[in-house]
1. Considering region B:19-163, what Rg and Dmax in Å follow from its alpha-carbon atoms?
2. For region B:215-282, what is the relative contact order in percent, using Cα pairs closer than 8 Å and at least 6 residues apart in sequence?
3. Consider just the alpha-carbon atoms of region B:178-244 and return their Rg together with their Dmax, both in angstrom.
4. Could you sort the peptides A:87-97, B:402-412, B:336-346 by per-residue average Cβ neighbour count (10 Å cutoff), highest mean leading?
5. Need one number: % antiparallel among DSSP beta bridges in the protein assembly as shown, to the nearest 5.
6. Could you tell me what percent of the DSSP beta bridges with both partners in chain B are antiparallel, to the nearest 5?
7. Taking N as the number of residues in region A:27-68, what value does Rg over Cα atoms divided by 2.2 N^0.38 Å take?
8. May I ask you to evaluate 6.51 cos²θ - 1.76 cosθ + 1.60, the Karplus curve with θ = phi - 60°, for each residue of region B:71-82 and list the ³J(HN,Hα) values in order in whole Hz, giving x for glycine and proline?
Amino acid sequence: MFHIYCPYCEEHREEEEFHPKGQAHIARPADPDACSDAEWGDYLFFRDNPRGIHHELWVHAVGCRKFFNITRHTVTYAILETYRMGEQPTITAESLASGEKAGNVQAASGGQQTVGASDAAVASVKGAQA
Amino acid sequence: MQRYSGFGLVKHALSHHENWQRQWRNPTPKKEYDVIIVGGGGHGLATAYYLAKEHGITNVAVIEKGWLGGGNTARNTTIVRSNYLWDESAALYEHAMKLWEGLSQDINYNVMFSQRGVLNLGHTLQDMRDIQRRVNANRLNGIDSEVLDARGVQELVPIMDCSKNARYPVMGASWQPRAGVARHDAVAWGYARGADSLGVDLLQNTEVTGFKILDGRVVGVHTNRGDIGAKTVGCVTAGNSGVMAKMAGFQLPLESHPLQALVSEPLKPILDTVVMSNHVHGYISQSDKGDLVIGAGIDGYNGYGQRGSYPTVEHTLQAIVEMFPMFSRVRMNRQWGGIVDTCPDACPILSRTPVKGLYFNCGWGTGGFKATPGSGHVFAWSLAKGQMHKLAAPFSIDRFRTGALIDEHGAAGVAH
């Protein structure tokens, strides 16, 4: 069960209020008519699907019904931050890699997986919140 | 290889079963192979077996980062059926079904294939229309399939609530009598033993960390046990296929999701068929040792963690109890998640890739187990001939750019 911070309601709510909607920040081609079939297919179907940091779109379906973004780790499931539409993530795979070297990761409280999360995942979230 | 037989069982009983041969070797990797299969699950092992048996290509390695059949082969709900809507997928899954029917004899390994039939329930008028359409399509493709009304369903499964008082009354079902279940682990082990006896090297605890690519052509793989050369590489890595594709420098139209399943405490025989409901959203069968084997939809978020969220488990069990009120007090024993690589059109990818000599067999999503023999059979043919088998050709990656999708969302056991 995820405990997710909705950046519009500004509260932590349970996972069942939300629906995941896949990869975030996919730009619609500016001129779809000018796209080749390959470009249009890439836009519609091809995804990063990373094992690690993933920026994804969620909707607060039975709450404020607004879309927002989550940065989440796809192996530990730790939620690293949530942010509004139109905003850019402050935590990325690159920033985390360089931050870890400096040993000073500071992540916002985006929420966490409360049940079923591994100890390591909980620890990493707690670490991020500290 | 020692052949398994009833006589062998008696003979080994005389020596207290202490002299059984190991099922496969634990070989040291060679410098180079003709074909490398990445991924030692059911599909990968089947590919290696058919490469050796049908095409005489025995200089083959299966490279597995963990142990054989430890991924989705060990985590699925073991259902086998072929009642798919479109000609392309019906042909592929029916090809698998025909191989299932002779599989135990072929690989001399009891895969406990039990053709106990599969019911796909309908609860609305639209469900019933879709079922009729799918059953008609199945019959045109030579696949056994029938439409049952609620009374017919009740006769087959007396313990199910088919009354009008149910919240979503059962209106009927499609029924495939030749469908059923198989022992999932035995499929991996049987193919592994068969492949090994034909000379295939099964390299466990060996993780592929990259592909060696020279002038756009794959020439081998990097592993944690050193580099291994290969003329052809087949990548059969299910949930991790997106990661493997990235190593090779391209993207796939896949998203990896957790798909959960659970088993109950063992019960006396109570359910002798497989019941799936797309609308109420769950499926159930009873294993030979008595556990109820239960599954439903994926967790909607991307994940590689081999676990999901409890709300999904709760929804799954709500569906089961809706269909079988008598199971409301059955206790669940174990619950787990596997990582499924889902495609936008709910069909697999069997395809060449932008890298010459590198082939992918992935995207089976939530329903790959049933296709294991067919997938391995046509993929082996494709690797051996260097061109895609005619049953595999429609499942090219290119379909996501040409638009020739094969939309099988409707024939999935439950919506995902």
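1. Rg then Dmax for region B:19-163, in Å: 20.2, 65.
2. It rounds to 15 percent for region B:215-282.
3. 15.2, 48
4. With the highest mean Cβ count within 10 Å placed first, the list reads B:336-346, B:402-412, A:87-97.
5. Rounded to the nearest five, the antiparallel share is 75 percent.
6. Once the DSSP bridges in chain B are tallied, antiparallel ones form about 70 percent.
7. 1.57
8. Rounded to whole hertz, the list is x, 5, 4, 8, 10, 8, 9, 6, 7, 10, 7, 9.
Laboratory data are not the source of any read-out in this text; all were calculated from the coordinates shown. Everything numeric here is computed off the predicted structure, so don't read it as measured data. Neighbour counts are summed over all protein chains in view; Cβ atoms, including those assigned to glycine, are modelled from backbone coordinates with ideal geometry.
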